[in-house]
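The values are calculated or read from the model by the stated rules, or taken from the named source; none is laboratory data. All of these numbers come straight from a predicted model, not from anything done at the bench. Glycine also receives a Cβ, built like all others from the backbone with ideal geometry; neighbour counts cover every protein chain displayed.
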Amino acid sequence: MQVVIAEDSVLLREGLTRLLADRGLEVVGGVGDGEELLALIDTLAAANTLPDVVVADVRMPPTHTDEGVRACVELRRRHPGVGTLVLSQYVEERYASELLAGSTRGVGYLLKDRVADVREFTEAVVRVAEGGTALDPEVVAQLLGRSRRHDVLDALTPREREVLGLMAEGRTNSAIAKQLVVSDGAVEKHVSNIFMKLGLTQSSDDHRRVLAVLTHLNS
């Protein structure tokens with residue numbers, strides 16, 4: 001599995017490179033700003049060696065505002081098969097929404113504090129590379145906290161919303177069952193009901209999972 005890291009702090013970039021390499025992932029490039037990231041990915045695409053996932057800081061030079069997330073949005077337009085995992089110091093709802101808008105696979109948004117849990121962070125990188133989602137619980141909580149009018153999710157029961165929130169964090173059915181102290185079968189029933197109520201009945205379960213999460217977070 002191949003990774004590109006976009007982070008203007010050389011120390012953090014090298015630390016992430018070593019961390020991922022130690023867990024068996026191959027870091028094939030590291031850059032310090034959004035323009036360099038897009039140029040590198042275009043070069044790799046021309047050589048038919050696109051990475052599986054990009055890990056990028058939200059804020060990079062020159063203004064240290066939103067260069068990283070904007071580069072990832074553009075990257076998704078140019079190369080939709082590459083997963084994008086954005087790291088941020090704080091929960092920035094606007095950037096999370098922008099990254100998620102129109103996405104159907106391979107997307108993540110984590111707080112940098114999560115990197116301290118090496119296993120959790122590595123699992124998030126792999127999950128996004130494989131086309132799944134990895135959303136920080138605090139990001140999910142803030143997006144869930146929006147006031148909704150005529151929400152498409154109004155048809156869901158409180159338990160189904162809870163299950164969908166855990167799905168948004170990237171948890172499997174088994175992990176959700178353990179969290180809620182219910183059976184795997186009960187979770188599978190809730191997930192099926194969620195798919196049905198959101199009208200996601202004509203696709204694979206993995207793809208429908210991602211679409212359900214994105215419907216949830218973009219509503």
### Message
Out of the residues in segment 18-32 meeting the condition of being more than 17 Å from GLY83 (Cα to Cα) and buried (at least 16 other Cβ atoms within 10 Å of the Cβ), tell me which one is farthest from the chain's Cα centre (by Cα).
### Response
GLY32
### Query
From VAL125, VAL86, which residue is at pLDDT 90 or above, touching a Gly at 6+ places or on another chain (Cβ under 7 Å), of a type in the set (A, V, I, L, M) and crowded, with 22+ Cβ neighbours inside 10 Å?
VAL86
#### Entry: Residue that is nearest to the chain's Cα centre (by Cα), among those in segment 162-187 that are without any contact (Cβ under 8 Å) to a residue 60 or more places away in the chain and assigned to a loop (DSSP other than H, G, I, E, B)
GLU169
## Note on the structure
In segment 128-147, anything at pLDDT 90 or above and either assigned to a loop (DSSP other than H, G, I, E, B) or over 10 Å from the mean Cα position of the chain (by Cα) (or both) is listed as GLU130
